[in-house]
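This report refers to the structure that appears directly beneath it.
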Amino acid sequence: MLKYVFRRILQMIPVFLGVTLILFALRIPGLLPGDPVQLIVGERELTPALRAQIEEEHHLNESVPVQYGYYISGILQGDLGRSLQKNRTVTDILLDKFPNTARLAVSAILVEIIIGLLAGIISAVKQYSFWDVVVTLSTSILVSVPVFWLGMLLQMFFGIKIKQWTGGAFSLPMSGMGSPPDLVHLILPSITLASVSTAYVARIMRSQMLEAMGQDYIRTAMAKGLSERVVVFKHALKNALIPVVTFIGIDLGALMGGAILTESVFSWPGVGREIYLAVMQRDWPVVMGGVVVVVLIVMFVNLLVDISYAVLDPRIRYGGTTE
Amino acid sequence: MSADRQHPDGGDLHTPRGPLDAGGHELQDQPPRTLVPAVPEVTAHPSRTLWGDAWMRLRKNKLAIAGLTWITFIIIVTVSADLWVPQNFAEPTSTEFASMQAPSADHPFGTDRIGRDVFSRVVYGARVSLAVGILAVSISLVIGLALGSLSGYYGGLLDAFVMRTADIFFAFPYTLFAIALLAVLGPSYRNVFIAIGILGWPSIARVLRSSILSVKENEYVDAARAMGASDLRIMLRHIMPNAIAPIIVYGTMSIGGAIITEAALSYLGMGVQPPTPSWGGMLSEAKALMIPAPWLTVWPGFAILTTVLSFVLMGDGLRDALDVKMKD
């Protein structure tokens with residue numbers, strides 16, 4: 001087991017180095033348009049003295065490999081630089097926003113699990129029924145809906161229209177987290193964020209369930225005279241769940257990294273929105289540092305998922321490392 | 001089902017079959033003698049190719065045909081827009097104050113904040129969306145096909161390098177990476193499809209690589225090699241035609257994905273810049289006007305939904321028609 005964890009962590013290192021290398025390359029002058037010093041200076045006037053000072057501070061006068069060394073060691077020490085707009089370190093800003101992103105991610109995952117699994121199981125067990133058609137069609141539509149538009153529609157319906165129809169008696173909050181943060185503010189953003197993945201969960205669940213239902217051991221269980229309920233939930237579901245759990249695990253990692261679109265539509269103060277605002281304000285250190293942190297979070301959550309997976313399913317521990 | 005299906009295919013037996021159409025035909029008793037040079041026979045029956053088969057199956061899929069019809073319709077509408085769209089999409093429609101008019105006979109989708117006709121803008125927005133979708137996927141295809149085929153065919157160090165690079169690309173959250181790239185490149189119409197295209201190649205390369213890996217094991221590839229065919233010839237004549245089906249399915253769906261991404265980027269202000277009409281950009285302008293002018297939110301989004309849905313349904317249909325097994 002330890003060996004597996006160790007190997008899994010080793011695999012992360014080249015990927016992480018590659019990611020940082022790409023982000024670092026985005027800052028090398030000449031490779032891509034944009035002068036790094038000018039980006040740091042922003043709107044301020046750039047005098048030769050200021051340029052020299054900034055080059056000194058950011059090690060821009062060193063050779064490229066040395067610069068990369070400084071960059072990596074900074075990241076490893078948790079030093080991602082300082083925001084150009086706010087008088088705070090990038091690490092502080094992101095740590096501040098992360099709990100909000102995590103809240104939204106967890107509730108979206110719950111929506112995914114509950115609705116996605118139910119829809120998938122129903123449409124598989126009642127294949128070709130009315131509900132199967134409903135589920136199949138709505139999952140196709142859901143994967144084609146731009147999330148930000150879905151968010152806007154939900155806002156329009158639950159925030160504005162329902163309020164008009166009920167004379168102001170009922171409506172759901174359209175933005176922010178509420179103060180103090182409450183569950184009502186979570187409803188629309190988590191449905192929006194969960195939409196696409198819920199559709200995927202339902203689709204995977206359905207196809208896995210159909211495959212499991214066609215297996216010999218299911219026929220045996222049926223032939224033994226077990227009730228359909230027992231066969232479906234005890235025998236088929238157990239085996240069909242594995243790929244679904246994999247998907248949900250990967251998705252959890254992705255969601256923990258922040259959801260730029262959903263967070264922007266609902267003004268949710270999370271990591272994704274923070275990075276997006278930084279892009280708009282050309283607050284370069286927050287953007288670059290934010291991306292590094294998000295990649296690390298995603299990798300870390302994936303690692304945890306894989307490990308817990310290896311604990312649950314010994315085949316993975318001893319099997320190959322590839323997909 | 002046509003009658004010639006029951007006939008033994010005669011000379012066709014000598015042509016090696018790809019794995020894709022194996023299920024569609026009954027094999028004869030004797031094994032196919034691939035090494036015996038086939039004498040081309042002039043048969044009375046029209047030959048049935050893999051693509052002919054696929055088209056026949058696709059035609060029966062109502063949803064896929066609906067998608068295809070809608071895509072064709074949009075392409076015709078967009079290409080011919082200059083000829084018939086009555087209103088200028090970039091300018092207010094009249095000198096009098098025409099801001100935020102509700103939909104009417106004159107303006108089927110209403111007018112926007114500065115009085116421009118929303119219908120014309122949605123029609124011209126389709127031009128941007130389709131162009132970005134197709135150009136972005138073309139870029140992904142060029143890079144992905146080149147790297148994926150080299151990687152799958154030669155294996156070894158090159159394969160390891162390409163696949164690890166793909167892993168690095170997958171480690172980035174997609175939207176965030178696109179935004180970071182555009183922040184560096186600068187938001188513009190051209191940079192949007194470049195960015196989406198660059199982000200899309202790893203998936204294409206992976207799909208093609210795994211497809212090539214399974215096709216490469218076929219005996220007809222060994223046979224071709226034994227007969228002294230060059231790598232390039234084996235690749236283009238023997239492997240590619242049998243390995244390309246998943247790419248067609250994936251590429252079709254990717255166009256839909258690229259259209260959604262373009263809309264999202266333009267919505268965030270990092271994509272196509274106003275006054276060029278784009279669906280995402282229009283939604284961005286609509287955000288503050290949801291209460292007085294809900295039609296500004298409804299129509300551009302509906303256009304995105306139907307277009308992307310068409311590509312998804314087409315992709316689903318092609319997957320069934322070409323009998324491609326893909327992991328979800």
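The values are calculated or read from the model by the stated rules, or taken from the named source; none is laboratory data. Not measured: the values here are computed from a predicted model. Because the Cβ atoms are built from the backbone with ideal geometry, glycine has one as well, and the counts that use them run over all protein chains shown.
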Open item on the list: Testing A:Val245 on (1) in contact (Cβ under 8 Å) with a residue 24 or more places away in the chain; (2) more than 18 Å from A:Leu110 (Cα to Cα); (3) more than 11 Å from chain B (Cβ to nearest Cβ), one condition comes back false. Which one is that?
Closed with: (2)
Open item on the list: Among (1) touching a residue at least 12 places away in the same chain (Cβ under 8 Å); (2) surrounded by fewer than 19 Cβ atoms within 10 Å (Cβ to Cβ), there is one condition A:Thr198 misses while meeting the rest; what is its number?
Closed with: (2)
Task: helices (runs of 4 or more DSSP H) fully within the stretch A:211-289 counting 1 or more residues that are closer than 24 Å to B:Tyr267 by Cβ - done: A:237-256, A:260-265, A:271-280
- [ ] State whether one or more residues within the stretch B:211-220 are without any contact (Cβ under 8 Å) to a residue 12 or more places away in the chain and either part of a helix (DSSP H, G or I) or closer than 17 Å to B:Ala258 by Cβ (or both).
- [x] no
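To keep it simple, each residue is scored yes or no on (1) surrounded by 20 or more Cβ atoms within 10 Å (Cβ to Cβ); (2) outside any helix (DSSP H, G or I); (3) within 12 Å of another protein chain (Cβ to nearest Cβ).
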{"site": "A:Ala124", "(1), (2), (3)": "yes, no, no"}
{"site": "A:Trp149", "(1), (2), (3)": "yes, no, yes"}
{"site": "A:Pro173", "(1), (2), (3)": "no, yes, no"}
{"site": "A:Asp182", "(1), (2), (3)": "no, yes, no"}
{"site": "A:Ala202", "(1), (2), (3)": "yes, no, yes"}
{"site": "A:Met209", "(1), (2), (3)": "yes, no, no"}
TODO: Please specify each residue of the stretch A:231-241 satisfying the condition of being more than 30 Å from the chain's Cα centre (by Cα) and either of a type in the set (S, T, N, Q) or surrounded by 13 or more Cβ atoms within 10 Å (Cβ to Cβ) (or both).
DONE: A:Val231, A:Val232, A:His235
Open item on the list: I need the full set of residues from the stretch A:171-182 which are in contact with a helix residue (DSSP H, G or I) (Cβ under 6 Å, 6 or more places away or on another chain), free of Cβ contacts under 8 Å to residues at least 40 places away in the same chain and over 30 Å from A:Ile204 (Cβ atoms), in order please.
Closed with: A:Ser171, A:Pro173, A:Gly178
Task: Single match in A:Leu46, A:Leu76 (criterion: at pLDDT 80 or above and of a type in the set (A, V, I, L, M, F, W, C)) - done: A:Leu76
- [ ] Would you please name the residue that is nearest to the chain's Cα centre (by Cα), looking only at residues in the stretch A:262-278 that are among the hydrophobic types (A, V, I, L, M, F, W, C) and buried (at least 24 other Cβ atoms within 10 Å of the Cβ)?
- [x] A:Val271
Open item on the list: Quick check on the stretch A:264-284. Is at least one of its residues within 11 Å of another protein chain (Cβ to nearest Cβ), out of contact with any strand residue (DSSP E or B) (no Cβ under 7 Å at 6 or more places or on another chain), closer than 30 Å to A:Tyr4 by Cβ and free of Cβ contacts under 8 Å to residues at least 40 places away in the same chain?
Closed with: no
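Just checking: which of the helices (runs of 4 or more DSSP H) contained wholly in the stretch B:234-328 hold 3 or more residues that are within 12 Å of chain A (Cβ to nearest Cβ)? Give the steps one after another, and end with the answer.
Numbers: elements: B:240-243, B:245-267, B:279-286, B:295-322.
Ranges flagged: B:245-267, B:279-286, B:295-322.
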- [ ] From the list A:Gly249, A:Gly176, pick out the single residue that is modelled with pLDDT under 90 and either among the aromatic types (Phe, Trp, Tyr) or under 26 Å from A:Ile141 (Cα atoms) (or both).
- [x] A:Gly249
TODO: State all residues of the stretch B:221-232 that are without any contact (Cβ under 8 Å) to a residue 60 or more places away in the chain, surrounded by 13 or more Cβ atoms within 10 Å (Cβ to Cβ) and not β-branched (Val, Ile, Thr); if no residue qualifies, say none.
DONE: B:Asp222, B:Ala224, B:Arg225, B:Ala229
TODO: State whether the residues of the stretch A:147-162 include one that is free of Cβ contacts under 8 Å to residues at least 60 places away in the same chain, over 24 Å from A:Ser264 (Cβ atoms) and not acidic (Asp, Glu).
DONE: no
Open item on the list: One residue is enough: does the stretch B:165-173 have a residue meeting the conditions within 14 Å of chain A (Cβ to nearest Cβ) and either over 23 Å from A:Phe16 (Cβ atoms) or among the hydroxyl-bearing types (Ser, Thr, Tyr) (or both)?
Closed with: yes
TODO: Could you tell me which of the residues A:Leu304, A:Leu226 is away from chain B (no Cβ under 12 Å), closer than 28 Å to B:Ala166 by Cα, of a type in the set (A, V, I, L, M, F, W, C) and surrounded by fewer than 16 Cβ atoms within 10 Å (Cβ to Cβ)?
DONE: A:Leu304
TODO: Kindly list, by first and then second residue, each pair from a residue in the stretch B:59-87 that is at pLDDT 85 or above to a residue that is among the basic types (Lys, Arg), limited to pairs with Cβ atoms under 7 Å and residues at least 6 apart or on different chains.
DONE: B:Ile65/B:Arg59; B:Thr78/B:Arg127
- [ ] Could you tell me whether any residue of the stretch A:157-164 is away from chain B (no Cβ under 14 Å) and either surrounded by fewer than 20 Cβ atoms within 10 Å (Cβ to Cβ) or of a type outside the set (Gly, Ala, Ser) (or both)?
- [x] no
